[in-house]
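Structure first, then comments.
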Amino acid sequence: MNPGASIKDRVAKHISQHLDQKQIPRDALLIVAGPGNLAISLAMLQRRLLCLVPERTSADRIRLLKASGITDIVRTLDGALPGSSEHPVEIGKRIMQQRTNAIYIDEETGDWDLSACYQELADEIIEQTDGHLDALVLGVDTGNAATHLSQALKQKLPDLQVVGVEPANSAISEDTQTNPLAKRWLCEDIGRVYAPRALHQGCIDMWVQISDSVAYSMARRLIGGGILAGPSSGAAVAAARMYAVANLQPGQRALVIMGDTARNYSDTLLNDDWLLAHDLFDARMLADLQAAQMDKYRAASIEDLQLPAAVTVSESEHIANAVGLMLEHDFSQVPVTGQGRKLIGYLTLAAAQTLLANGVAKPGDPVRQFMLRFAGPGKMTGKGNKRRQYWLITPETPLHDLSRFFEVHSVAFVTDYARKFCLGIATKQDLLNFLARRNASSF
């Protein structure tokens, strides 16, 4: 619920105030290491940044950083160990040698005193729970939040249990050194291949490791319940449930901190295809998805929609005649054909009527001047004409695929495989009508 949609807003505010107290110029370059949330929060405070982000950081977050005005973004190795040349600290040192008056910011090193920042959060927790709290569950990355919250809360709640959450394969809670290259996971914002220096291990009473599939599935369930939670938040909630079932007694209370938002994961968490490709749906969600996507249409294709034959116009046809044709047949759009009657685009009734009413188009002007032209896969937008990416849709196209097409398009033009002739026009309403007929019969 923070403005930057992560727990790092608090940290960014504290760091910015600290820089102001030291009279650091507002335009000084800040070299910020981390998954990206801290950088986003600092960018909101109008700071000039160079970001060191790990390879696993989502493309959505990179786009958000760029939209915030951050152009210097350096990817770092996920499994780099402290002291190695690939570690963000070492990379940051090299950059600082090249950039005068640059300031390196990395929560992991523990060089920044964030105790006051988390003391404020601890005071809010005590106030809002009326001091009735038995467990705190939170994801661990740099270790700052876990360390400072544990210390601050246990001053007033000495019996509080602090549960640290990390991904399966993370090594924060492990005592022995392991091969960092073997430590891989997808969940961002939590987990390390070693224990960070800012973490005081004694502040964590219990560790829970959560698999990627559990973290992502729980995040999707939370989204379905109205909470836009990111994967790390899903991991924290899943761990809180596990802890509660095993440890909490009736009347006891656990608080879970959800540190990140779903908005940074449109390509991953919010993408069904990506989740399926990485096997991140749990069994129940996978069954629900299969029922929604496949069982719903039972292998039916566009041919089963029983669409009427398409009515087309030539690109040389007068726009006024095309409008009359659409009004006569109650069409909202009409396919446009070119040489050899090949489908090349379409004209919408609303656009054509507006162009005629505004005088931009004259009744005798050819349709080609105002139609929407299709572009082939990978082609650039044509000059002088609006172009739409063309998806090949034939009578054999499964209705499941057509349904996905309608997630971004309003109308589908059905053609032969050579895309030579337009055979019919389908809309989402045709799909709804099909489902209504099937449900009313023994299809």
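Taking 0.36 nm per residue of sequence separation and removing the Cα-Cα distance, the Ser332/Ala436 pair yields an extension gain of 35.2 nm.
For the chain, adding -39500 (n - 2.57) for each run of n ≥ 4 DSSP H residues and dividing by the number of residues yields -10000 deg cm²/dmol at 222 nm. Taking label positions 7 Å along the Cα-Cβ direction at both Arg99 and Ala116, the computed distance is 2.5 nm, reported to one decimal.
Phi angles across the range 417-433 convert, under the Karplus curve 6.51 cos²θ - 1.76 cosθ + 1.60 with θ = phi - 60°, into 3J(HN,Hα) values of 5, 7, 6, 8, 10, 7, 9, x, 10, 10, 10, 4, 5, 4, 5, 5, 5 Hz, Gly and Pro given as x. A simple spin-label model places the labels of Ala283 and Arg404 2.6 nm from each other, with each point 7 Å out along Cα-to-Cβ.
Dipole check for the range 302-439: with +1 at the C-beta of Lys and Arg, -1 at the C-beta of Asp and Glu, and the Cα centre as origin, the magnitude is about 560 Debye. What is the range 8-109 by shape, rounded, prolate or oblate, if you read a ≥ b ≥ c off the alpha carbon gyration tensor as root eigenvalues and call it rounded for a/c under 1.5, prolate for a/b larger than b/c, and oblate otherwise? Oblate, because a/c is 1.5 or more while a/b does not exceed b/c.
This model, with +1 at the C-beta of Lys and Arg and -1 at the C-beta of Asp and Glu, gives the range 115-289 a dipole about its Cα centre of some 200 debye. Listed options for Cα Rg over 2.2 N^0.38 Å are (1) 0.95; (2) 1.27; (3) 1.10. The value calculated from this structure is the one marked (2). Amide H contacts for Leu49 (H built 1.01 Å from N in the peptide plane; partners 5 or more residues away or on another chain; cut-off under 5 Å): Leu30.
Sorted by packing (mean other beta-carbon atoms within 10 Å per residue), highest first, where do 5-18, 193-206 land?
The densest-packed peptide leads the list: 5-18, 193-206.
When the dipole is taken about the Cα centre of the chain, and only Lys, Arg (+1) and Asp, Glu (-1) are charged at their Cβ, what size is it in debye, to the nearest 20?
That gives the chain a dipole magnitude of about 1680 debye.
Which aspartates and glutamates, if any, have their Cα less than 16 Å from the Cα of Lys93, not counting same-chain residues under 8 positions apart? Counting by Cα, and skipping residues close in sequence, Lys93 has these aspartates and glutamates nearby: Asp72, Asp106, Glu107, Glu108, Asp111. Considering only alpha-carbon pairs that sit under 8 angstrom and 6 or more positions apart, the relative contact order computed for the chain is 10 percent.
Comparing Pro88, Pro250, Pro335 in a Gaussian network model of the chain, where Cα atoms under 10 Å apart are tied by springs, the biggest mean-square fluctuation is seen for Pro250.
May I ask you to derive the relative contact order of the range 302-439, considering only C-alpha pairs under 8 Å and at least 6 residues apart, and to give it as an integer percent? Before the final figure, lay out the partial values.
Values: 213 pairs, mean separation 34.7, N = 138.
Contact order relative to length: 25 percent.
Around the amide H of Gly424, modelled in the peptide plane, lie the amide H atoms of Ala310, Val414, all under 5 Å away and 5 or more residues distant in sequence or on another chain.
Which of Lys8/Lys428; Lys66/Lys420; Lys156/Lys183; Lys342/Lys362; Lys342/Lys428 have a Cα-Cα distance over 32 Å? Where the Cα-Cα span goes over 32 Å, the pairs concerned are Lys8/Lys428; Lys66/Lys420; Lys156/Lys183.
None of the figures in this text is laboratory data; all of them are computed from the coordinates on show. Quick caveat, the model's predicted, so the values are computed rather than measured. Backbone-built Cβ (ideal geometry, glycine too); neighbour counts: all protein chains shown.
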